[in-house]
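Engineer: Attaching a single structure in structure tokens format; questions to follow.
The values are calculated or read from the model by the stated rules, or taken from the named source; none is laboratory data. Predicted model, so just to flag it, every value in this text is computed and none were measured. As a convention, Cβ positions derive from the backbone with ideal geometry for all residues, glycine included, and neighbour counts pool all protein chains shown.
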Amino acid sequence: MPSLSRLREATNYAIADAVRPFKNGVVPLSRIIFILVAVIVMCSAAFGEDNPAVGFSTRIDVRSEDLLLQPPGANWSSYNGDYSGRRYSSLLTIDTENVGEMQTQWVFHAGNTSRLEVTPLVVNGMMFVTAANDAIALDARSGRVVWRHPWPISEGLIDDASGHINRGVAIWHDRVYMETDNAHLLCLDARSGNLIWNIAYADWNKNYGATSAPLVVKDKVLVGTSGGDDGVRGFVAAFDALTGKLAWRFWTIPEPGEFGSDSWPGKLFLHGGGTTWMPGTYDPQLNTIYWGTSNPAPDFEGDVRPGDDLYTDCLLALDPDTGKLKWYFQFTPHDLFDYDAVETPILVDAVYRGAERKLLVQADRNGFVYVLDRTSGKFLSATPFVEKLNWAKTIDMAGRPVLTGVEPTAKGTRVCPGYAGATNWFAPSYNESTHSVYFVALEECEMYFFKSQSFHEGEGFYSTGVKHIPSETSQKVLVAFNLDSDSIAWKDPQAGSGRSSSGTMTTAGGLVFFGDDTGSIEAVDARRGKPLWHFNTGQEISASPMSYAIAGKQYIAIAAGSDVFSFALP
């Protein structure tokens, strides 16, 4: 194929020759038609060079009302599929009877990272993924790259941000939003990948980073940061989706004089942690955002931050229009174990203990699955879901832990769950037909050590750390928690060393999909936990699955290692 410049040159000569008037000054109709055709060819070629999306005719226009759709069907237009955080797909072509026939449709290799944690979004057959700081649009039917927007990885970052992990994008109308490793918010054109604007939203402390997918609510883009172990001050911020202008910011660590500030003497409030490194969920009827916060800093030294350390390890209920706090619930007051509460808060309307309620269910990193009334934050129940749990005896009637006295020491203390938590950021899901929540748990204990430390920019702010216990084993377990019985319905222990970080997705076809601890994507029966299908990716899975449909055909997609896999029935 000739280059665009040569094609333009040839077309220009042809047009010039065609319009040379005859001796009588009249141009024949045939030549006029030729001119029009030539102009169309040249314009098409120009469009093809300037817009790599040429040949992909899908229209991207995700309206606010589209984001309100529950549960998702053909499109998976936000991180959890919809605002509820349930990761429940209404697609049911793939079911318990035929899932064993699923086959690989395509594999996309990202190329610039060895560890993808992204959940793909799909809108009208276009898939959007991230790899490090790159945003990529794919043809969701074939895996073909439509466009790629590269963004350089940042030098000098520390801790989680230095891994350049990105968990995905948000979409609003024809715009794509993503966070970068150094806490910039990018706005891209969904058709071409071209940059529209770039906002640095946490550039005053080098320890800030970002790993999350943004959340679009109404006409605002909500973001958070990582760095809770590194002495930053956490916040949730909202930006105008059109202009990028800051709408509001809620600080998770109160400043002197505000409620809860007694835990943060001196200038410690500037370094108290409480970051917001995973997207929240949203109830449009209550007009409330639910967002989890991370651990306090320094992680393992409690004397310098007396009291409950608000608003760390909390669930925050915020007004999306103003950022004002409606209520909060703290899972682990005065946390000494790094039990971030950023796990997805699932919103469920159901009969619970004999009454119709608007519930919020969260399987927390501290080893308990909580049920709250999401209208008020009232505590309803907490159930332990791991066997290895020694930091608390139980949760009292007010929702506070009854402590055992276990805490980090200079010589080391065995603490269960360990530093990775009983569960973590990887997605849970909720199935409407089984009334069950599905999530991956970790049975593990570790040795916790304490040594006092001062804050220094460019360094972690842990006050020492943890070590693996060689004599003890670790194991990942798929857990089903049933709301009707308020108990664990079943568990599916996995083979492996407990190092995977895959979440779950459940479907109207009666299935639960997840990445197991041996590098396989697996499907089990949602009611019984019986394994029905698996595919070995050959790589560690640190991402959560999703489902979409094109022309009535259902697909299942998940990232593993540096690849994105798509599966469907033959």
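Engineer: Name the residues in the range 245-260 that are over 21 Å from the mean Cα position of the chain (by Cα), of a type outside the set (A, V, I, L, M, F, W, C) and surrounded by 17 or more Cβ atoms within 10 Å (Cβ to Cβ), would you?
Structural biologist: Within the range 245-260, Pro254, Gly260 qualify.
Engineer: Here is a check on your reading of the model: is Ser502 modelled with pLDDT under 95 and of a type in the set (Gly, Ala, Ser)? Spell out how you get there, then give the answer.
Structural biologist: Details: modelled with pLDDT under 95: no; of a type in the set (Gly, Ala, Ser): yes.
So Ser502 does not fit the description; no.
Engineer: Now a separate question. Just for the range 85-122: of the residues that are surrounded by fewer than 22 Cβ atoms within 10 Å (Cβ to Cβ) and of a type in the set (Gly, Ala, Ser), which one is farthest from Val169 (Cα to Cα)?
Structural biologist: Once the filter is applied, the top-ranked residue is Gly100.
Engineer: Of the residues in the range 179-229, how many are free of Cβ contacts under 8 Å to residues at least 12 places away in the same chain and touching a Gly at 6+ places or on another chain (Cβ under 6 Å)?
Structural biologist: Residues that pass the stated criteria total 0.
Engineer: Let me ask something else. Can you name the number of the only condition in (1) in a loop (DSSP other than H, G, I, E, B); (2) of a type in the set (Gly, Ala, Ser); (3) in contact (Cβ under 8 Å) with a residue 60 or more places away in the chain that Ala441 fails?
Structural biologist: Checking Ala441 against (1) in a loop (DSSP other than H, G, I, E, B); (2) of a type in the set (Gly, Ala, Ser); (3) in contact (Cβ under 8 Å) with a residue 60 or more places away in the chain, the one that fails is (1).
Engineer: Please work out which residue is farthest from Ala543 (Cα to Cα), limiting yourself to the range 275-298 and to residues that are touching a Leu at 6+ places or on another chain (Cβ under 8 Å) and part of a loop (DSSP other than H, G, I, E, B). Even if it seems obvious, please write down each step before you answer.
Structural biologist: Within the range 275-298, the subset touching a Leu at 6+ places or on another chain (Cβ under 8 Å) is 279-284, 288-293.
Right, trim to part of a loop (DSSP other than H, G, I, E, B) and you get 279-280, 284, 293.
Numbers: Pro279: 14, Gly280: 17, Pro284: 27, Thr293: 20 Å.
By that ranking, first place goes to Pro284.
Engineer: How about the range 397-415: which of its residues are under 30 Å from the mean Cα position of the chain (by Cα) and among the basic types (Lys, Arg)?
Structural biologist: Within the range 397-415, just Arg400 meets the criteria.
Engineer: Within the range 511-561, can you find the residues that are of a type in the set (Gly, Ala, Ser) and free of Cβ contacts under 8 Å to residues at least 60 places away in the same chain?
Structural biologist: Gly515, Gly519, Ser520, Gly529, Gly538, Ala551
Engineer: Here's something else I'd like to know. Can you tell me which of (1) surrounded by fewer than 22 Cβ atoms within 10 Å (Cβ to Cβ); (2) over 30 Å from Phe449 (Cβ atoms) is the one Trp291 doesn't meet?
Structural biologist: Failed condition: (1).
Engineer: With Phe426, Phe461 as the choices, which residue is surrounded by 20 or more Cβ atoms within 10 Å (Cβ to Cβ) and in contact with a helix residue (DSSP H, G or I) (Cβ under 8 Å, 6 or more places away or on another chain)?
Structural biologist: When all the criteria are applied, what remains is Phe461.
Engineer: Quick check on the range 211-232. Is at least one of its residues touching a Lys or Arg at 6+ places or on another chain (Cβ under 8 Å), in the same structural domain as Ala132 (by TED's automatic domain parsing), part of a strand (DSSP E or B) and not basic (Lys, Arg)?
Structural biologist: no
Engineer: Ok, one more. Taking Ala557, is it at pLDDT 95 or above, buried (at least 21 other Cβ atoms within 10 Å of the Cβ) and in a loop (DSSP other than H, G, I, E, B)?
Structural biologist: no
Engineer: Also, quick follow-up: Tell me, please, whether a residue that is in contact with a helix residue (DSSP H, G or I) (Cβ under 7 Å, 6 or more places away or on another chain), over 22 Å from His164 (Cα atoms) and not aliphatic (A, V, I, L, M) can be found in the range 531-544.
Structural biologist: Yes: one or more hits.
Engineer: Another question about this same structure. Test Trp248 against the criterion of being in the same structural domain as Ala427 (by TED's automatic domain parsing), aromatic (Phe, Trp, Tyr) and assigned to a loop (DSSP other than H, G, I, E, B), and give yes or no.
Structural biologist: On the way: in the same structural domain as Ala427 (by TED's automatic domain parsing): yes; aromatic (Phe, Trp, Tyr): yes; assigned to a loop (DSSP other than H, G, I, E, B): no.
So Trp248 fails the test.
Engineer: While we're on this one: Among the residues of the range 526-540, count how many are touching a Phe, Trp or Tyr at 6+ places or on another chain (Cβ under 8 Å) and not in a loop (DSSP other than H, G, I, E, B).
Structural biologist: 1
Engineer: Of the conditions (1) in contact with a Ser or Thr (Cβ under 9 Å, 6 or more places away or on another chain); (2) of a type in the set (Phe, Trp, Tyr); (3) more than 21 Å from Phe329 (Cα to Cα), Phe239 satisfies every one except a single condition; which number is it?
Structural biologist: (1)
Engineer: Looking at (1) more than 23 Å from Asp484 (Cβ to Cβ); (2) more than 26 Å from the chain's Cα centre (by Cα), find the lone condition where Phe337 falls short.
Structural biologist: (2)
Engineer: Here's something else I'd like to know. Quick one: count up the residues across the range 301-328 that are assigned to a loop (DSSP other than H, G, I, E, B) and of a type outside the set (S, T, N, Q).
Structural biologist: Residues meeting the conditions: 17.
Engineer: Kindly indicate whether any position in the range 141-151 is of a type in the set (A, V, I, L, M, F, W, C) and surrounded by fewer than 17 Cβ atoms within 10 Å (Cβ to Cβ). Even if it seems obvious, please write down each step before you answer.
Structural biologist: Here is the first cut: in the range 141-151, the ones of a type in the set (A, V, I, L, M, F, W, C) are 145-147, 151.
Imposing the further condition that a residue be surrounded by fewer than 17 Cβ atoms within 10 Å (Cβ to Cβ) reduces the set to 145.
So far as the range 141-151 goes, yes, one or more of its residues are of a type in the set (A, V, I, L, M, F, W, C) and surrounded by fewer than 17 Cβ atoms within 10 Å (Cβ to Cβ).
Engineer: Can you find, within the range 152-170, the residue that is surrounded by the fewest Cβ atoms within 10 Å (Cβ to Cβ) among those that are within 13 Å of the chain's Cα centre (by Cα) and aliphatic (A, V, I, L, M)?
Structural biologist: Selected residue: Ile165.
Engineer: Restricting attention to the range 87-113, which residues are at pLDDT below 95 and either under 16 Å from Arg167 (Cβ atoms) or in contact with a Phe, Trp or Tyr (Cβ under 9 Å, 6 or more places away or on another chain) (or both)? Walk me through how you get there before you give the answer.
Structural biologist: Keep residues of the range 87-113 that are at pLDDT below 95, which gives 111-113.
Of everything in the range 87-113, those that are at pLDDT below 95 and either under 16 Å from Arg167 (Cβ atoms) or in contact with a Phe, Trp or Tyr (Cβ under 9 Å, 6 or more places away or on another chain) (or both) turn out to be Asn112, Thr113.
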